[in-house]
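The values are calculated or read from the model by the stated rules, or taken from the named source; none is laboratory data. Quantities reported herein were computed from a predicted structural model and do not represent experimental measurements. Cβ placement follows ideal geometry from the backbone for every residue including glycine, while neighbour counts extend to all protein chains displayed.
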Amino acid sequence: MPRARGSWLALALLAGAATGAGGVRELAVAWVVGDFRAPLACVVDNVPRQALRRVRIDPAPPGNPRLVARVTFFDLAAPPGTRCTSVSGAEEPNVIGAVALLWDAPTRPDMGEADFRHTLRREGGFDFKVDAGRLRVGASADASDALPTIDFAGGTARFEQVAPGSDAARQLAGFGGKRQLRLELRAPGGSPLSFELVELEPR
């Protein structure tokens with residue numbers, strides 16, 4: 001197992017132990033929780049500048065046992081007319097708001113670590129359902145309060161490892177972070193939103 005994957009597993013196991021829960025659901029949630037940044041390249045007044053999109057993933061608050069995590073996207077707060085692209089060169093929208101995630105797959109506390117390892121090795125990540133959440137999504141050049149709203153309830157959120165040695169891994173490594181994840185978020189019937197994330201201050 002590569003060192004990065006092993007360190008993430010260790011963090012997930014520690015988080016699961018701290019909460020007294022060790023099923024694959026709890027370990028998968030611990031694996032994705034963190035305060036991440038998605039590096040962007042933005043052009044402001046015809047000058048290229050580096051920027052960071054903030055994406056925070058928190059455990060769901062107590063009270064609803066169905067929910068497991070909350071993903072919050074923060075406003076880019078870019079000047080009007082700004083155009084932004086990802087580290088891969090793809091056009092990047094402004095995304096604002098939060099979605100609540102749930103896990104509806106079976107989980108067995110006695111097999112949590114084995115299931116976690118097997119799923120991560122076989123599938124490279126974990127899939128969640130979007131229980132609720134509306135995001136404002138639109139061009140980075142547009143005013144944030146004018147962006148159209150999309151309902152993501154019933155959609156999906158997939159978290160994957162950034163492949164070691166890939167272009168994304170090399171570009172994210174330049175930011176000095178330890179954890180690298182790729183998030184693909186999809187509304188029902190919509191095109192996916194993809195984010196290459198790096199945690200700049202590891203937990």
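Residues checked against (1) at pLDDT 85 or above; (2) assigned to a loop (DSSP other than H, G, I, E, B); (3) over 15 Å from Ala141 (Cα atoms); (4) aromatic (Phe, Trp, Tyr):
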{"position": "Ala15", "(1), (2), (3), (4)": "no, no, yes, no"}
{"position": "Leu27", "(1), (2), (3), (4)": "yes, no, yes, no"}
{"position": "Val43", "(1), (2), (3), (4)": "yes, no, no, no"}
{"position": "Arg56", "(1), (2), (3), (4)": "yes, no, yes, no"}
{"position": "Pro65", "(1), (2), (3), (4)": "no, yes, yes, no"}
{"position": "Leu76", "(1), (2), (3), (4)": "yes, yes, no, no"}
{"position": "Phe116", "(1), (2), (3), (4)": "yes, no, yes, yes"}
Residue count, the stretch 38-51, condition surrounded by 15 or more Cβ atoms within 10 Å (Cβ to Cβ), out of contact with any Asp or Glu (no Cβ under 8 Å at 6 or more places or on another chain) and either touching a residue at least 60 places away in the same chain (Cβ under 8 Å) or of a type in the set (D, E, K, R) (or both), comes to 1
Taking the stretch 142-166, which residues are within 24 Å of Thr82 (Cβ to Cβ) and not in a strand (DSSP E or B)?
-> Asp142, Ala143, Ser144, Asp145, Ala146, Leu147, Pro148
Return yes when Leu120 is of a type outside the set (Ser, Thr, Tyr) and either in contact with a helix residue (DSSP H, G or I) (Cβ under 9 Å, 6 or more places away or on another chain) or touching a residue at least 60 places away in the same chain (Cβ under 8 Å) (or both) and no when it is not.
-> yes
Please work out which residue is nearest to the chain's Cα centre (by Cα), limiting yourself to the stretch 55-72 and to residues that are at negative phi and free of Cβ contacts under 8 Å to residues at least 24 places away in the same chain.
-> Arg56
Within the stretch 103-118, can one find any residue that is surrounded by 19 or more Cβ atoms within 10 Å (Cβ to Cβ) and of a type in the set (Asp, Glu)?
-> yes
Looking at the stretch 179-194, which of its residues are buried (at least 16 other Cβ atoms within 10 Å of the Cβ) and part of a loop (DSSP other than H, G, I, E, B)?
-> Ala187
